[in-house]
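Colleague: Provided herewith is a single structure, encoded as structure tokens, for subsequent inquiry.
The values are calculated or read from the model by the stated rules, or taken from the named source; none is laboratory data. In this text, all values refer to a predicted model and were calculated from it rather than measured experimentally. Reconstructed Cβ throughout: ideal geometry from the backbone, glycine too, with neighbour counts over all protein chains shown. Surface areas here come from the heavy atoms of the whole protein model, side chains and all, with no ligands, DNA or RNA. Shrake-Rupley method; radii C 1.70, N 1.55, O 1.52, S 1.80 Å.
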Amino acid sequence: DGTEEIPGPSGWPFLGNIRTVDSEVPLKSILNLADQYGPIYKLNFAGRTVVFCSSWELINELCDEKRFAKSVNSALKEVRNAVHDGLFTAKMGEPNWGIAHRVLMPAFGPMSIAGMFDEMHDIAGQLVMKWARHGSSVPIMVTDDFTRLTLDTLALCAMGYRFNSFYHDEMHPFIEAMGSFLTESGSRSRRPPFASILYRDSTHKYFEDIDWMRKTADEVLMARKENPNDRMDLLAAMLNGTDPKTGQKMTDSSITDNLITFLIAGHETTSGLLSFAFHQLLKHPEAYRKAQNEVDQVVGTGKIKIEHLGQLKYIAAVLRETLRHSPTIAQFAVAPIQDEIIGGRYKVPKNQTIALLLAKSQMDTTVYGKDADKFKPERILDENFDMLNKKFPNCWKPFGNGTRACIGRPFAWQEALLVMAMLLQNFNFRMDDPNYQLHINQTLTIKPKGFYMRCSLRENLT
Ligand code: HEM
């Protein structure tokens, strides 16, 4: 009938391809398999099939929301154990998604995010102070400090809560619980169901972590209800907002689901972006120089103001090019609404999970040319970015697609621009080990592993 079987490696009985995939950095195997089997292939995880797509053409087809919808499977299904039908993990059609989405859209709009600038600046200032005190004699554990930054920023802007991560060596217990919960969610999704008996201790710890996170978030919620204040943060938006469509308010448990969702969705992604961006700048001195010059020209030596951020065109391109090379959410998943044929010849049944492999599709030479694998912010400056998106729709997708795209994008963008500008304004950076080769740490997101920098305060500044 003109259709073809989707290729893929043969697997073991029961286990399927579980052993084909590296347990520490699954993405590495997933990308290698794409090199081996081409732009579409399938794997079987103990009876559950996942199709992986990695060419721009296929990704573009899969972004058609009339034919495909977000699939909540694998690790996301496990994350639901903690945050249920919160925005990120809701299945299509769950009513709480619609209510939360409509209540929260204005709170994530440009005006509202601009109102968070001072609090973002406060936390970024704490990072600058810490690194200034370190001086150049101490290696900076880049990803850890960016994670302190993004978590503290999110908790402050979302709910007026201060983790004060820069004042402790140990991470806050909530953060510990969240970290091990996320890692375990990933591991659980790759285990065959019949293996759960072997993992009793981790399962016990997993549900303890969930209790811990929910208890902490509930406490913040209750404290605000008992002592209302005039903060205009995300928590206030959720407590006071009414869904214009149904007239309903968000329930307390839906608010808790979403408070934890923001912390999960918003911290590793942005911290990974900042870490990869600095790694790229240190590997590309010309881009580094241009980025720092831009800050000097636009901001000078004074305090960074919100008006400056929109003028940092080159730094915006650095961030975009970083997310093209290293999308911190390296893949997202959809499923056909009806039985489908994709790529003109591959049958995929309704509800079949299909992973969109951004870490590969965003390197497609059809879109980005022969030097697609080079780091070149120029190719993705505003005008070029618009042209690329017109000519190759859906070629740059690090924030996901359509109605289920990232609601926190303006938040992440403002924070990332501010932090890049503040750091380049105040410091000169170098690689701690000039021979460092990029390795990836993977939880639900990817981050550089073992990446250290050194910084020194710039002399022309006080
Ligand atoms: C959804 C990426 C920052 C909250 C998503 C999705 C992606 C993504 C790819 C879609 C996932 C899917 O289809 O399964 C990123 C990246 C970020 C970032 C790369 C930073 C560089 C943030 C921040 C927040 C946030 C700061 C919160 C303040 C969310 C939420 C969703 C989401 C709630 C679910 C939206 C929905 O389905 O209605 N993000 N994100 N993200 N993100 Fe982000």
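Colleague: When you check Thr443 against the structure, is it more than 16 Å from the ligand (Cβ to nearest atom) and surrounded by fewer than 19 Cβ atoms within 10 Å (Cβ to Cβ), yes or no?
Modeller: Spelling it out, it is not the case that Thr443 is more than 16 Å from the ligand (Cβ to nearest atom) and surrounded by fewer than 19 Cβ atoms within 10 Å (Cβ to Cβ).
Colleague: I'd like the residue in the range 185-204 that is within 29 Å of Asn44 (Cβ to Cβ) and either in contact with a His (Cβ under 7 Å, 6 or more places away or on another chain) or at pLDDT 90 or above (or both) and, out of all such residues, is surrounded by the fewest Cβ atoms within 10 Å (Cβ to Cβ).
Modeller: The extreme case among them is Asp201.
Rundown of residues vs (1) under 21 Å from the mean Cα position of the chain (by Cα); (2) at pLDDT below 95, yes/no style:
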residue: Phe68; (1), (2): no, no
residue: Ser74; (1), (2): yes, yes
residue: Ala90; (1), (2): yes, no
residue: Gly125; (1), (2): no, no
residue: Val138; (1), (2): no, yes
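To keep it simple, each residue is scored yes or no on (1) part of a helix (DSSP H, G or I); (2) within 16 Å of the ligand (Cβ to nearest atom); (3) touching a Gly at 6+ places or on another chain (Cβ under 9 Å); (4) at pLDDT 95 or above.
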| site | (1), (2), (3), (4) |
| --- | --- |
| Trp212 | yes, no, no, no |
| Met250 | no, yes, yes, yes |
| Ser271 | yes, yes, no, yes |
| Leu282 | yes, no, no, yes |
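Colleague: Additional query: In the range 367-409, what count of residues is obtained for those that are within 13 Å of the ligand (Cβ to nearest atom), surrounded by fewer than 17 Cβ atoms within 10 Å (Cβ to Cβ) and over 21 Å from Leu357 (Cβ atoms)?
Modeller: 1
Colleague: Ala107 fails exactly one of the following numbered conditions: (1) open to solvent by less than 50 Å² (accessible area, probe 1.4 Å); (2) away from the ligand (no atom under 12 Å from the Cβ); (3) of a type in the set (Gly, Ala, Ser). What is the number of that condition?
Modeller: (2)
Colleague: Another question, if that's okay. Which of the residues that make up the range 38-68 are surrounded by 19 or more Cβ atoms within 10 Å (Cβ to Cβ) and within 12 Å of the ligand (Cβ to nearest atom)?
Modeller: Selection gives Leu62, Phe68.
Colleague: Taking the options Gln297, Gln311, Gln338, Gln331, name whichever one is within 16 Å of the ligand (Cβ to nearest atom), open to solvent by 20 Å² or more (accessible area, probe 1.4 Å), on the phi < 0 side of the Ramachandran plot and among the polar types (S, T, N, Q).
Modeller: The conditions single out Gln331.
Colleague: What number of residues within the range 318-358 are out of contact with any strand residue (DSSP E or B) (no Cβ under 7 Å at 6 or more places or on another chain) and within 18 Å of Gly272 (Cβ to Cβ)?
Modeller: Final tally of qualifying residues: 10.
Colleague: Turning to a different aspect of this structure: Is it the case, given these coordinates, that Met232 is within 16 Å of the ligand (Cβ to nearest atom) and in a loop (DSSP other than H, G, I, E, B)?
Modeller: Answer is yes for this residue.
Colleague: In addition: Considering (1) under 19 Å from Ser275 (Cα atoms); (2) surrounded by fewer than 20 Cβ atoms within 10 Å (Cβ to Cβ), say which one Gly115 fails and leave the rest.
Modeller: (1)
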